[in-house]
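S.K.: Sharing a structure below in C-alpha cells format, with a few things to ask.
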Amino acid sequence: MYIKKLLIQNYKRFKLIEIDMNPGTNIFVGENDSGKTTILEALIMVLSGKINGAPILSRLNADWFNNEVRSQYISGLESGQHVEPPCIMIEAFIDGLTDADLKIKNYRGANNYYREDAIGVRIVIALNE
C-alpha cells in the first residue's frame, strides 16, 4: 500500500496543489521556503490528525490558511459582503492494496475533491461562521 496522490488546498503557501507520488521512495527538492516541509506536514496531518506530535486542534492558527485566500476573506468581510470562511483540505489517495489491507478498503468512496471512486483519507479544517 502506498500514497498515490496528495492534494493540498489552502494550506500555507499552497492554494491548490496535486502531487503524484511514486510507489517507492519520494524525494522533495527545492529552494528554501518552497513548500517541502509544508508537504510533509500536510501528509502527516491527513494520516495522523496531528502536527508536530500534537492534535491539530491544539495547534491551529490563522497562519495555516493560504495568505491569498485569507486576505480575500478579510477583504470581503470588510466590504460588507457575505463570504464563506476559508477552509483547508488535505487528501491522500491510496493505491497498491494487498489482501492484508482489508480495513483500508472501507475508506473507498467518492467524497473527495474529484468526486471519483477512490480509496483515501481526507481532513478538512473549516472555520465556523
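S.K.: If you place +1 on the Cβ of every Lys and Arg and -1 on the Cβ of every Asp and Glu, how big does the dipole about the Cα centre of the range 1-128 come out, in debye to the nearest 20? Numbers along the way, then the final one.
M.R.: Details: 14 positive and 15 negative charges, 56 e Å.
Dipole about the Cα centre, nearest 20: 280 debye.
S.K.: So how tilted is helix 36-48 from the main axis of the chain? Cα-based, degrees 0 to 90, rounded to 10.
M.R.: 70
S.K.: Report the extension gain between residue 84 and residue 32 in nm, rounded to one decimal, defined as 0.36 nm multiplied by the number of residues separating them, less their alpha carbon distance. Mind showing how you got there, number by number?
M.R.: Details: separation 52, 0.36 × 52 = 18.72 nm, distance 3.24 nm.
Computed gain between residue 84 and residue 32 is 15.5 nm.
S.K.: Out of the range 25-129, which trypsin sites (Lys or Arg not before Pro) are coil in DSSP terms and have no more than 13 other C-beta atoms within 10 Å?
M.R.: Counting only loop positions with at most 13 other Cβ atoms within 10 Å, the trypsin sites (Lys or Arg not before Pro) in the range 25-129 are 115.
S.K.: I'd like the orientation of helix 67-78 relative to the chain: the angle between its Cα long axis and the longest Cα principal axis, in ° from 0 to 90, rounded to 10.
M.R.: Value to nearest ten degrees: 40.
Every number in this text was worked out from the coordinates using simple rules, so none of it is lab data. This one's a predicted model, so the numbers in the text were calculated from it and none came from an experiment. Note: ideal-geometry Cβ built from the backbone for every residue, glycine included; neighbour counts use all protein chains shown.
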